[in-house]
Amino acid sequence: MAQTFQTTLGSRHYRFRSLAELMAKATPARSGDRLAGVIAESAEERVVAQMVLADLPLTTFLNEALVPYEQDEITRLIIDDHDAEAFAPIRHLTVGDFRNWLLSDQATSEALSDVRSGITPEMAAAVSKLMRNQDLILVGKKCRVVTAFRNTIGLPGRLSTRLQPNHPTDDVTGIAASILDGLLYGSGDAVIGINPATDNVAQSVKLMRLMDDVIQKYQIPTQSCVLTHVTNTLEAIEQDAPVDLVFQSVGGTEATNRSFGFDLSILAEAEAAAQSLNRGTVGRNVMYFETGQGSALSADAHHGLDQQTCEARAYAVARKFNPLLVNTVVGFIGPEYLFDGKEITRAGLEDHFCGKLLGVPMGCDVCYTNHAEADQNDMDNLLTLLGVAGCNFVMGIPGSDDIMLNYQTTSFHDALYARRVLRLKAAPEFERWLTEMQIFQDVKTHQLNDQLPAAFANSLRHLPKEPRHDV
């Protein structure tokens, strides 16, 4: 039987009926939790919930599942894969003690790496609820998660970018122009990744071959990905398509993932298939996952949990399959889940912190929809904070405006700004390529070359004069 959690403050007694309710009531306010009916009724109740949560032993999360073990394969994954030996150094701590340890000098990058497999998503979510934004940034900065395929992502002092050349008709010339634009700003070391306008196997294979041709022609040390359903990618592999990374959106409950059309066994099959292609040159991380607070609630699959705890559970799915990239698309679902710039900023920092603490290579799509109470200044702020926090990668899209998905995110020049002001660099292999191609006059200061590189200039002369729509 689940225990109750209670305390008395002054003359008032507070009682939380379950661990799920305590976690939800302790969460900083956001519109999604209000929509779900799990939010604290007042700021006072939120603080009391945080006080009760701070006194809770970390072992509570190993003894009381937020989603029943028998009903949910994500819960079974979390419990069955828990590393008791890694957990031992922090086993005696409460959630509040855990926060203090994370912020201390004893919690070095090496120490955090040693305990990460002993931390459950619920522990990470719980401690994040006690932290200010600066706490999330400080600890996130100390958590290093390095992955590799054709280049190395996540090294200290580096910020990579996903070059996102989406086009509303998948026009090959428009996609090629966006890829060229991004490369000339130094974007694309995390991945060149396309969301297909027409999501089927044939179209995905065509786009895979287009990107592979570009990568091979210019010998770019990066990887490509078509963000199609995992089952489509499996079929593409069977057709001998040039698949670098396997993509899938993932959630934190089994019911969420089933609504997306997959389960853990399908992800395992896809990872094995991609590994069998041996297309990586410096590493073997072949998976790319995207997440976002509110996905479980929008699928009516949240089991009464707050959306940030559900999001943290999605990182258990990601961690299982050793991905190259994990991207929280933080403001994409809309203001029903994250209402304004303040809530989007908080969620982005929470997601990065929780993912990195769990050993997941976190990036962030710093974004918002046009009906949210947010603007590009809010995104500038979050981009800068995430850069300080050591985020592995961000998005790069022409003009910050995704003309296919119709949302606002970060542009090529936004990523260049972050690298310049924070003195961050691209992935080392990609950085060397930028120098060899003479894209930058000075790669250390990210000073762009005022001349189009000869290899690209020659290719542009052979582009068709009229747009093509045959891809």
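Tabulated results
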{"read-out": "Close pairs (7 angstrom Cβ cut-off, 6 or more residues apart or separate chains): more than 18 Å from Leu130 (Cβ to Cβ) in the range 329-358, of a type in the set (Gly, Ala, Ser) and open to solvent by 30 Å² or more (accessible area, probe 1.4 Å) anywhere", "value": "Ile333/Ser298"}
{"read-out": "Residues of the range 274-319 that turn out to be over 22 Å from Ala20 (Cα atoms), open to solvent by 20 Å² or more (accessible area, probe 1.4 Å), small (Gly, Ala, Ser) and outside any loop (DSSP other than H, G, I, E, B), as a count", "value": "1"}
{"read-out": "Flag if Pro89 is surrounded by fewer than 17 Cβ atoms within 10 Å (Cβ to Cβ) and at pLDDT below 95", "value": "no"}
{"read-out": "Extreme residue, most open to solvent (accessible area, probe 1.4 Å), among residues of the range 333-361 that are among the β-branched types (Val, Ile, Thr) and assigned to a loop (DSSP other than H, G, I, E, B)", "value": "Ile333"}
{"read-out": "The one condition in (1) open to solvent by less than 30 Å² (accessible area, probe 1.4 Å); (2) modelled with pLDDT of 95 or more; (3) not aromatic (Phe, Trp, Tyr) that Ser400 fails to fulfil", "value": "(2)"}
{"read-out": "Only listed residue being open to solvent by less than 10 Å² (accessible area, probe 1.4 Å), of a type in the set (Gly, Ala, Ser) and part of a loop (DSSP other than H, G, I, E, B), chosen from Gly188, Gly193", "value": "Gly188"}
{"read-out": "Failed item, numbered, when Gln216 is tested on (1) without any contact (Cβ under 8 Å) to a residue 24 or more places away in the chain; (2) within 30 Å of Thr27 (Cα to Cα)", "value": "(2)"}
{"read-out": "Exclusive hit being buried (at least 17 other Cβ atoms within 10 Å of the Cβ) and outside the structural domain of His92 (by TED's automatic domain parsing), set Val127, Val214", "value": "Val214"}
{"read-out": "Matching residues in the range 320-332 - criterion: being of a type in the set (A, V, I, L, M, F, W, C), under 15 Å from Tyr368 (Cβ atoms) and open to solvent by less than 10 Å² (accessible area, probe 1.4 Å)", "value": "Val330"}
{"read-out": "Subset tally (residues that are part of a loop (DSSP other than H, G, I, E, B) and modelled with pLDDT of 95 or more) for the range 142-166", "value": "14"}
{"read-out": "From the options Val139, Val205, residue that is without any contact (Cβ under 8 Å) to a residue 60 or more places away in the chain and assigned to a helix (DSSP H, G or I)", "value": "Val205"}
{"read-out": "Close pairs from the range 220-239: first in a loop (DSSP other than H, G, I, E, B), partner open to solvent by 10 Å² or more (accessible area, probe 1.4 Å) and of a type in the set (D, E, K, R), Cβ under 6 Å, at least 6 apart", "value": "Pro221/Arg150; Pro221/Glu429; Thr222/Arg150; Gln223/Arg150; Thr228/Asp199"}
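The values are calculated or read from the model by the stated rules, or taken from the named source; none is laboratory data. A quick note: this is a predicted structure, and the numbers were derived from the prediction, not measured. Using ideal geometry, Cβ is built from the backbone for each residue, glycine included, and neighbour counts are taken over all protein chains shown. Each accessible area value is taken on the protein alone, full model and side chains, heavy atoms only, with ligands, DNA and RNA left out. Shrake-Rupley method; radii C 1.70, N 1.55, O 1.52, S 1.80 Å.
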